[in-house]
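Encoded as structure tokens, the structure appears first; notes follow it.
The values are calculated or read from the model by the stated rules, or taken from the named source; none is laboratory data. Please read these numbers as outputs of a predicted model, since none were measured by experiment. Counting neighbours? That spans all protein chains shown, and the Cβs are built from the backbone with ideal geometry, glycine included.
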């Protein structure tokens, strides 16, 4: 998706060329500063506005600790499940030809284009008190909505395509010949996957997992709808940020927000590392080829 | 972009091409089970709930004044933000592709930050920075511009989250541009503006349009980064996703389902448009290469 751009071509050295260049750089920097850099830096500024003691105390409150634990636990369930799904879907789509494949790809992408609020709403309509399965669940005393399972389901839905999305193009690029050779030499399916496929997709897989994890830990809208906002029990870190902010505890809100921002920065750092090591050339080749070939036969 | 179809090569009456590779049943079963449990059944619950309303009742909820005001705001602000991103995103992409300057790699890296930044974080950061006492709001207040708690704030939030879509769509298209075409135009005496209008813009417009549509689609559904800065006044600064949340909080499931169905249809249409655009772009690229 990014970072694979060649060094700029030779520049225009005329006066007007240099003026245009200066204007473009100035506009870019000004726009990014206002819209991106100042808000991001402000998170740190506001988080530490009452000193480091206050900052660390805000992160140590029982509600904050509970929110951090809930967020980690949710990601620990969601990310492995979506990884299994992503690998299965990518193998299916890249290694076989079957009718309805294009439709399947479109459906896998669907969670990217629906609003997070819709992703939460569907589970309320399915499992909530007035939902399709509400009465049945109530008889058995099972709560899904406004409880942990609902948070997991909503997070699963919004992060659904992340791993599959990274794996499908690269596995399609690599074709079937390596696996076909392994199988015809007598390797089993599992051996073929672990010894032949996995080494060539590991960077894309890692990248997908990291993106999936970042979204799983940072999701707000979908989780807000299904969580019920029960303090210390069904509030993830982003929801805890919202609660503190609405209670005018700005320093506390920004302290927790700074942890989430750290997660975003680590994610982007990991992405840059992955692009530098291993997959850089392959990823860009895959992207270019996918753009050039397109989907038309 | 993905899913090359060799279906044309399938024999009639057969729906899967035979191959020596194992795992078709296993991966089809796993993929199908996950899709059904996580995506299809939940979305069906929404469609069926919406469809369980008599049509005139559905229409009444979907077109009540408060809902109409929220559509206007959501769509208008997303359109404005996507347009801002089309202009500034293009300038940034151009700057990153064409010029080398100190910090270029750093700028290139932070473009993706809005993708990775949780929306609650960007939400409270923008709301605080643009509040009348905030770092930037303080500078704008004497000019009589209030960004926070107004529709302007919504546009700012949607611009932030939409930016990477435009830059990352346009960047590769600009990088792939054939330099000889520009040189030829220049040697034939074309001005800088003419080269831009007749050589560069036509070549990158499919990518620009795709980025614009992606940013628009993302903006229409956005919730987290908007609600903190929006003010959330009914009829004035209340976006549609928030109206759905409010209806849910009032246990008005049918009302929420009706509005949710409207939004789902809109996102589905956007998805089809974006797919068509990517096809257009792929054909362009294919025709050139």
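Annotation: residue A:159 fulfils all but one of (1) surrounded by 24 or more Cβ atoms within 10 Å (Cβ to Cβ); (2) modelled with pLDDT under 90; the unmet one is (2).
How about region B:170-196: which of its residues are within 29 Å of the chain's Cα centre (by Cα) and modelled with pLDDT of 85 or more? Walk me through how you get there before you give the answer.
To start, the set of residues in region B:170-196 that are within 29 Å of the chain's Cα centre (by Cα) comprises B:170-178, B:196.
Within region B:170-196, B:170, B:171, B:172, B:173, B:174, B:175, B:176, B:177, B:196 qualify.
Against the test of being closer than 30 Å to residue A:123 by Cβ, out of contact with any strand residue (DSSP E or B) (no Cβ under 8 Å at 6 or more places or on another chain) and either at the interface with chain A (Cβ under 9 Å from one of its Cβ atoms) or surrounded by 15 or more Cβ atoms within 10 Å (Cβ to Cβ) (or both), the options B:251, B:212 yield a single qualifying residue, B:251. For region B:259-273, the criterion of being modelled with pLDDT under 90, under 28 Å from residue B:50 (Cα atoms), more than 9 Å from chain A (Cβ to nearest Cβ) and under 15 Å from the mean Cα position of the chain (by Cα) is met by at least one residue. Scanning region A:132-163 for residues that are more than 7 Å from every other protein chain (Cβ to nearest Cβ) and in a loop (DSSP other than H, G, I, E, B) yields a count of 11. Identification of helices (runs of 4 or more DSSP H) wholly contained in region B:45-130 with 1 or more residues that are surrounded by fewer than 19 Cβ atoms within 10 Å (Cβ to Cβ) yields B:55-62, B:65-98, B:104-110.
Is it the case that residue B:242 is more than 30 Å from residue A:16 (Cβ to Cβ) and modelled with pLDDT of 90 or more? Full working, then the answer.
Values: more than 30 Å from residue A:16 (Cβ to Cβ): yes; modelled with pLDDT of 90 or more: yes.
Here the answer is yes, as residue B:242 does meet what is asked.
Residues of region A:106-126 that are within 30 Å of residue A:59 (Cα to Cα), over 16 Å from the mean Cα position of the chain (by Cα) and at the interface with chain B (Cβ under 8 Å from one of its Cβ atoms): A:117 alone. Condition check for residue A:258 on (1) farther than 22 Å from residue B:245 by Cβ; (2) at pLDDT below 95: one failure, at (2).
Conditions tested, residue by residue: (1) modelled with pLDDT of 95 or more; (2) more than 7 Å from chain A (Cβ to nearest Cβ).
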{"position": "B:10", "(1), (2)": "no, no"}
{"position": "B:16", "(1), (2)": "no, no"}
{"position": "B:26", "(1), (2)": "no, yes"}
{"position": "B:74", "(1), (2)": "yes, yes"}
{"position": "B:80", "(1), (2)": "yes, yes"}
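For every residue, the table says whether it meets (1) at pLDDT below 90; (2) buried (at least 22 other Cβ atoms within 10 Å of the Cβ); (3) assigned by TED's automatic domain parsing to the domain that holds residue A:144.
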residue: A:189; (1), (2), (3): yes, no, yes
residue: A:193; (1), (2), (3): no, no, yes
residue: A:199; (1), (2), (3): no, no, yes
residue: A:204; (1), (2), (3): no, yes, yes
residue: A:207; (1), (2), (3): no, yes, yes
residue: A:212; (1), (2), (3): no, yes, yes
residue: A:216; (1), (2), (3): no, yes, yes
residue: A:219; (1), (2), (3): no, yes, yes
residue: A:223; (1), (2), (3): no, yes, yes
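One line per residue, one yes/no per condition, for (1) in a helix (DSSP H, G or I); (2) assigned by TED's automatic domain parsing to the domain that holds residue B:150; (3) touching a helix residue (DSSP H, G or I) at 6+ places or on another chain (Cβ under 8 Å); (4) within 30 Å of residue B:146 (Cβ to Cβ):
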{"position": "B:227", "(1), (2), (3), (4)": "yes, yes, yes, yes"}
{"position": "B:233", "(1), (2), (3), (4)": "no, yes, no, yes"}
{"position": "B:238", "(1), (2), (3), (4)": "no, yes, yes, yes"}
{"position": "B:241", "(1), (2), (3), (4)": "yes, yes, yes, yes"}
{"position": "B:256", "(1), (2), (3), (4)": "yes, yes, yes, no"}
{"position": "B:266", "(1), (2), (3), (4)": "yes, yes, yes, yes"}
{"position": "B:273", "(1), (2), (3), (4)": "yes, yes, yes, no"}
{"position": "B:282", "(1), (2), (3), (4)": "yes, yes, yes, no"}
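Taking the criterion of being under 19 Å from residue A:82 (Cα atoms) and more than 10 Å from chain B (Cβ to nearest Cβ), the residues of region A:210-259 that qualify are A:212, A:213, A:216. Selection of region B:28-46 for residues being farther than 22 Å from residue A:131 by Cα and facing another protein chain (nearest Cβ under 7 Å) yields B:28, B:30, B:31. Per the listing B:225, B:267, the residue uniquely surrounded by fewer than 24 Cβ atoms within 10 Å (Cβ to Cβ) and closer than 27 Å to residue A:109 by Cα is B:267.
For region A:87-105, which positions are part of a helix (DSSP H, G or I) and either buried (at least 22 other Cβ atoms within 10 Å of the Cβ) or facing chain B (nearest Cβ under 7 Å) (or both)? Residues satisfying the conditions are A:87, A:88, A:89, A:90, A:91, A:92, A:93, A:94, A:95, A:101, A:102, A:105.
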